[in-house]
Amino acid sequence: MTGLEHFDAVVIGSGFGGAVSGYRLAEAGLSVVVLERGKAYPPGSFPRNPADLGRNFWDPSAGLHGMFNIWSFRGLEAVVSSGLGGGSLIYANVLLRKDEHWFVHHDPFDGGYETWPISRADLDPHYDNVETMLNAQRFPFESDGYGIAKTKAMRDAADGLGLEWQLPPLAVTFHNKDRPPVPGEPLADREFPNLHGLPRQTCRLCGECDIGCNYGAKNTLDHNYLSAAKHEGATIRTRCEVRVIRPGENGGYVVQYVEHDPMNEGRHTETKQLPLVTVTCDRLVLGAGTFGSTYLLLRNRSAFPSISRALGTRFCGNGDLLGLMVETKTGRPGHERPRRLNGAEGPVITSAIRIPDGSDPDGQGRGFYIEDAGFPEFAGWLVEMTQAGSRASRVLRFAVKRLLAKLTNDPRSDWGAAISEALGGAELSVSSLPLLGMGRDVPDGNMRLNDGRLDVDWTTESSQPFFDRVEQTMRDITEYLGGSFQPNLLSYLDRVISVHPLGGAPMADNPADGVVDAYGEMFGYPELYVVDGSAMPGPVGANPALTIAAFADRAMDHAIEHASAGRA
């Protein structure tokens, strides 16, 4: 193995675990390479036209090098990201801390229990660090120009139902330091150069957070941690997909990856035939996400004979549930009119309603959050296209009026009102809004390989009481706002859509219960760390991004301390 490129640390993945780790290790003076399978997305590069959006998926064998990686398993569909910045490219920016009482110990469920070997107190200083780096700001609700209708509706419903409502911290820049919020204002430079070298703007309230922010207002990890890591000397390599990890013969670790040539984007490629590039390192950090890191460990399990039998366990979807408020109304009975929610205005999520947990002093069952979910403007057009019948009748009435006007020599020349009537008021799209639920579902899923492919054995069955409570609360909110509730159509098939898969390499106090310890270091394999969602031993409950990043920050304190001791 002599002559191979060697680093103090190899970090696999550039999401909330990998980006934080890459920066912290480089800042400590270690030589670091960050390997990201996807490509970089500078501001302005996220696709918007139908042709490019249709190819914005990840499957290099099919020539797709895009951002969205879609998985389908027995009980759920899952959406994760591929690209420099990982899940931060497509998440909805929420930076909520895991509730103090939700760090449960020996919380039983059929066939096991959920135990967190860390506490809120352990993570709080690291939460602080991440919030500062991500420039967390709350949506400036009711500031001039920010009185967003959907935010007000969620607050009104929470007040009316006696529920706890808040404006959570968001990884979005609404205002420059010491200045009032202004949409589209140029962003001030940070203390380190941005790796893209392009200008950014404050939030333009366009609702496009989940398909990539083309204005740079969203504080994705490429704009902060990864830019800072590069500034500190880290090497960042995109389109590098890791295939092999194993312990080195004389200590450390060996990593082998393939490179996805940009010239192959758009054409089928025999990716199994791509040559392997080999690097070695003293310490290895897995931050490839719940599916990516667990799959790597399962695929290379024979190289780690002492790995815990808990590998693949404690999977859950963080209680993700999608619902839809349709045709909400306002006004007294008999005089209702559409309630304008304007879901395409603002960032995707602006507010959150929290339902307490049985571990809380005043709760019962398993707790959860419900958040408003905005959408891009073009989604409103798609919704209105479903009303083709009513629109056709309006257009027909307009055509009849024009024909009669010609036949009767009607002198009218101003037809603006008639055209507006033909187009309609778009009541369905402006009065409807998705709702996002997430919380403490049961982490009883298992991940394994099936004919070399990742498979997940998880269903909604054991979590059904939890999902029923989430859906009922969504119905209560919808009813209060005068609308009709539409559940996720997949729920009729006992399936959910998760954007927050967790587990697979869970942390624990001992190797019988987990794969890694409370610092993310793998039992039996010193200086091999797992720092992403796969290390979570159960649901975070709140949006997990901040907790994963804080966990990685804490893990790197431990790794840097070990590295310093080794140098002494």
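Quickly run through region 152-168 and pick out the residues that are surrounded by 20 or more Cβ atoms within 10 Å (Cβ to Cβ) and either more than 15 Å from residue 480 (Cβ to Cβ) or touching a Pro at 6+ places or on another chain (Cβ under 6 Å) (or both).
168, the sole residue that qualifies.
Conditions: (1) closer than 21 Å to residue 109 by Cβ; (2) surrounded by 16 or more Cβ atoms within 10 Å (Cβ to Cβ); (3) not basic (Lys, Arg). Residue 525 meets all but one. Number of the miss?
So the condition that residue 525 fails would be (1).
Run down 201, 166 and say which single residue is polar (S, T, N, Q) and touching a Phe, Trp or Tyr at 6+ places or on another chain (Cβ under 6 Å).
201
Look at residue 95 and say whether it is farther than 27 Å from residue 459 by Cβ, out of contact with any strand residue (DSSP E or B) (no Cβ under 6 Å at 6 or more places or on another chain) and among the aliphatic types (A, V, I, L, M).
Taking the combined requirement at face value, the residue does not satisfy it.
Considering only region 101-113, how many residues are under 22 Å from the mean Cα position of the chain (by Cα) and over 28 Å from residue 491 (Cβ atoms)?
Residues that pass the stated criteria total 1.
Find the residue count for region 339-373, including only residues that are out of contact with any His (no Cβ under 8 Å at 6 or more places or on another chain) and open to solvent by less than 10 Å² (accessible area, probe 1.4 Å).
17
Can you say whether residue 199 is touching a Pro at 6+ places or on another chain (Cβ under 8 Å), on the phi < 0 side of the Ramachandran plot and open to solvent by 20 Å² or more (accessible area, probe 1.4 Å), as far as the supplied structure shows?
yes
For residue 44, which of the numbered conditions (1) under 19 Å from residue 286 (Cβ atoms); (2) within 23 Å of the chain's Cα centre (by Cα); (3) not β-branched (Val, Ile, Thr) fails to hold?
Going through (1) under 19 Å from residue 286 (Cβ atoms); (2) within 23 Å of the chain's Cα centre (by Cα); (3) not β-branched (Val, Ile, Thr) one by one, residue 44 breaks only (1).
Is there any pair with a first residue in region 44-57 that is farther than 18 Å from residue 79 by Cα and a second that is of a type outside the set (Gly, Ala, Ser) whose Cβ atoms are under 6 Å apart and which are 6 or more apart or on different chains, and what are they?
Taking only residues 6 or more apart or on different chains, the pairs are 44/214.
Restrict the check to region 198-218 and report whether at least one residue is closer than 25 Å to residue 8 by Cα and at pLDDT 95 or above.
There is no residue in region 198-218 that is closer than 25 Å to residue 8 by Cα and at pLDDT 95 or above.
Give all pairs with beta carbons closer than 6 Å in which a residue from region 360-376 that is within 21 Å of residue 113 (Cα to Cα) meets a residue that is among the β-branched types (Val, Ile, Thr) and modelled with pLDDT of 90 or more; count only pairs at least 6 apart in sequence or on separate chains.
If the second residue must be among the β-branched types (Val, Ile, Thr) and modelled with pLDDT of 90 or more, the pairs left are 367/355; 368/355; 368/470.
Consider region 235-264. How many of its residues are surrounded by 16 or more Cβ atoms within 10 Å (Cβ to Cβ) and in a helix (DSSP H, G or I)?
Selection size over region 235-264: 1.
Considering region 314-338 alone, what residues qualify as being among the polar types (S, T, N, Q) and surrounded by fewer than 22 Cβ atoms within 10 Å (Cβ to Cβ)?
Of everything in region 314-338, just one residue is among the polar types (S, T, N, Q) and surrounded by fewer than 22 Cβ atoms within 10 Å (Cβ to Cβ), namely 330.
Test of understanding: among 91, 127, 146, which residue is modelled with pLDDT under 95 and surrounded by 17 or more Cβ atoms within 10 Å (Cβ to Cβ)?
146
Applying the selection to region 37-87, what residues are over 22 Å from residue 209 (Cβ atoms), open to solvent by 40 Å² or more (accessible area, probe 1.4 Å) and assigned to a loop (DSSP other than H, G, I, E, B)?
Passing the criteria: 37, 74.
Residue 267 fails exactly one of the following numbered conditions: (1) of a type outside the set (Asp, Glu); (2) open to solvent by 60 Å² or more (accessible area, probe 1.4 Å); (3) outside any loop (DSSP other than H, G, I, E, B). What is the number of that condition?
Of (1) of a type outside the set (Asp, Glu); (2) open to solvent by 60 Å² or more (accessible area, probe 1.4 Å); (3) outside any loop (DSSP other than H, G, I, E, B), only one is false for residue 267: (3).
Taking region 289-313 as the region of interest, how many residues are open to solvent by 40 Å² or more (accessible area, probe 1.4 Å) and among the small types (Gly, Ala, Ser)?
2
Failed condition for residue 295, given (1) free of Cβ contacts under 8 Å to residues at least 60 places away in the same chain; (2) outside any loop (DSSP other than H, G, I, E, B), with all others met?
(1)
The values are calculated or read from the model by the stated rules, or taken from the named source; none is laboratory data. Since the structure is predicted, the reported quantities are computational estimates derived from the model, not experimental observations. For neighbour counting, all protein chains shown are included, and Cβ atoms are generated from backbone atoms with ideal geometry for every residue, glycine included. Quick note on the areas: whole protein, heavy atoms, side chains included, nothing else; ligands and nucleic acids left out. Shrake-Rupley method; radii C 1.70, N 1.55, O 1.52, S 1.80 Å.
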